[in-house]
Amino acid sequence: MSVNLFAAEAEGGGLQFPPIENLVEWPAYLFEGTFAEFNKIALISVLAMAIPTVMFLAAGTDKIPSGLQNLVEGSVDFIDNQVILPAIGPEGFKFRPLLLSIFFFVFIGNLFEVIPTFHMPLNARMAVPAVLGILVLIVFVSVGIKEQGLGPYLKSSAGPSGLPKAMYLLVTPIEYLSTFIVRPFSLAVRLFANMLAGHILLVTFGVLCITLWQTSLLALVVPFSFGMLVALTGFEIMVSFLQGFVFALLAAVYIGGAMHPHH
Amino acid sequence: MKRITRLLLLAVLGGAALIFSAAPAGAAGESIEGCTIEGVDEEILEGASSEEIILLVVAALEEGDPDHSSEEYKDALHEVEEIVAECIEAPNVLLPEINEVIWGAVGFFIVLIFIMKFGWPAIKKSMDERTEKIQAELDAAEQAKADAEATKAEFAAKVADAKTEAARIIEEARQSADQLKADQQARLNDELAAARAAAQADIDAAKSQAMAELRGEVATIAIGAAESVVGANLDRAAQERLVEDYINRVGSNS
């Protein structure tokens, strides 16, 4: 399981890269072994829920915004102008709470990847992305049924109109698969894989720094390795934000597609 | 006051998060410090990987049981594997992998300093601009409202002026109409008076002329009557009848 490199130089047993399950599995704090087992992932979930909530509650409702209120209102503007208007249009404003929550939950959850003592992105476990993907699926299917009716929605998702009848035999299964299975799956996997990859990168360079520091000769390489760690930390902050934005944007695109079938 | 409560809530949540998170970072590592395995020298354990430990333990057991056949060997091997696995999967929750935290934290704070130094001014600027924009918009709206109210007041004043003016004009018109009426009345009265005076004068003239004519006529008649009386010496009754006849004759002639 462990990889032994530089064994000759290392007094303490060489570079030991931890096995992947050790990167993402955490001991329980509470209720160990029960379905309600509370570990670090659960704690981060709670924080990712609580931090935006507290931010919005503490923001205040001054007429002229400043400080935290400015930030919070700016984030609402951001979701309005960058997510809802381009993807759905003005009638999508009723989904503002949902999309804003998705954005903040994913973003803050991801951000714990670089927060000291946490160092674990919430979405590097499949649980949260999977639930969010299924949530988005439920929402856009409900919107489609509500806006178009069950029959027309299924018909409009079956493929573009105007094809020869025989083509539908081929196109419909592909379209249904892509709309109802691949969409939530790709949403979840995109988020999960990005965050897991980022986490592994950070751990790699972190472990590299620790190991090189303990060697005599190779300690000279530590600045490069540490530089990469710093650069990747910055990069991962950006990725955290982008993944939150992309998740909310794609959710909005799917909802918009269910609202306007021939968009 | 409300905001203070909210900030307190934030502080409590943050504190709770810190307490919870202080412990567990160690799970990411493969620390076996603190694990003890009976019968194995602790110095050998230190720095050894999990597989090396298993091999060490197995070697120790093999000395007593070269065939690996006894149940005791299998049980012991199983037990060792479990202990080691447990040590790796769940190191002491209270002992974080301190060097990982240090490297990660140093890296994070360097990034944080960069962000604070280079990113924060931009964020601050855009947020201040947002505040200013909203402030300016509110001010402009306030100004527009004030302007509108001023215009409204101005118009109201103008309307009031116009009303007064109209009332004044109507009053003037009425007055001048009255004046005109009175003037005309007076002129009419004058004219009537003049006409009446002229008529009176005409009448007087005609009257005096008639009187003069009558006087002459009467004199003539009296002379005639006297002539008649003188010409015929008659008795009294005849004289009276003659005068009567004469007067009647004159009366019917005139």
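Read-outs throughout are calculated quantities, based only on the coordinates presented, and are distinct from any laboratory measurement. Keep in mind it's a predicted model, so treat the numbers as computed, not measured. Every residue, glycine among them, receives a Cβ derived from its backbone with ideal geometry; neighbour counts consider all protein chains shown.
On a per residue basis, the convex hull of the C-alpha atoms belonging to chain A measures out at 190 Å³.
The residues neighbouring A:GLY159, those whose beta-carbon lies less than 13 Å from its own, together hold a net charge of +1 under the Lys/Arg +1, Asp/Glu -1 convention. Under the combined filter of DSSP loop state and at most 16 neighbouring Cβ atoms within 10 Å, the range A:34-125 retains these trypsin sites (Lys or Arg not before Pro): A:LYS63. Its relative contact order, with pairs defined as Cα atoms under 8 Å and 6+ residues apart, puts the range A:20-259 at 27 percent. Between the DSSP loop rule and a limit of at most 13 other Cβ atoms within 10 Å, which chymotrypsin sites (Phe, Trp or Tyr not before Pro) in the range A:208-253 are left? Within the range A:208-253, no chymotrypsin sites (Phe, Trp or Tyr not before Pro) qualify (loop, at most 13 other Cβ atoms within 10 Å).
If a/c stays under 1.5 just call it rounded; otherwise compare a/b with b/c (prolate if a/b is bigger, oblate if not). Do that for the range A:63-150, with a ≥ b ≥ c from the square roots of the Cα gyration tensor eigenvalues. Cα axes put the range A:63-150 in the oblate bin. Annotation: the residues B:MET211, A:MET126, A:MET195, B:MET127, sorted from fewest to most other C-beta atoms within 10 Å of their own C-beta, follow the order B:MET211, A:MET126, B:MET127, A:MET195.
Counting only other chain Cβ atoms within 10 Å of each residue's Cβ, the peptide A:18-30 averages 4. Specify the residue with the greatest mean-square fluctuation among A:ALA219, A:ALA197, A:ALA127, computed from a Gaussian network of chain A linking alpha-carbon atoms under 10 Å apart. Of the options given, A:ALA219 has the highest mean-square fluctuation.
For the listed residue pairs A:LYS63/B:LYS117; A:LYS94/A:LYS155; A:LYS63/B:LYS145, the alpha carbons are over 19 angstrom apart in A:LYS63/B:LYS117; A:LYS94/A:LYS155.
The residue list A:ALA124, A:SER156, A:LEU212 was ranked by how far each Cα lies along the charge dipole of the range A:20-259 toward its positive end, using unit charges on Cβ atoms, and A:SER156 comes out on top. Averaged over the residues of A:235-246, the number of partner chain Cβ atoms lying within 10 Å of the residue Cβ comes to 1. Peptide packing: for A:77-86, A:168-177, the average count of neighbouring Cβ atoms within 10 Å per residue gives the ranking A:77-86, A:168-177, highest mean first. Ordered by the number of other Cβ atoms lying within 10 Å of each residue's own Cβ, fewest first, A:ILE108, B:ILE134, A:ILE255 fall into the sequence B:ILE134, A:ILE108, A:ILE255.
Per residue of peptide A:219-226, the mean number of Cβ atoms on other chains within 10 Å of the residue Cβ is 1.
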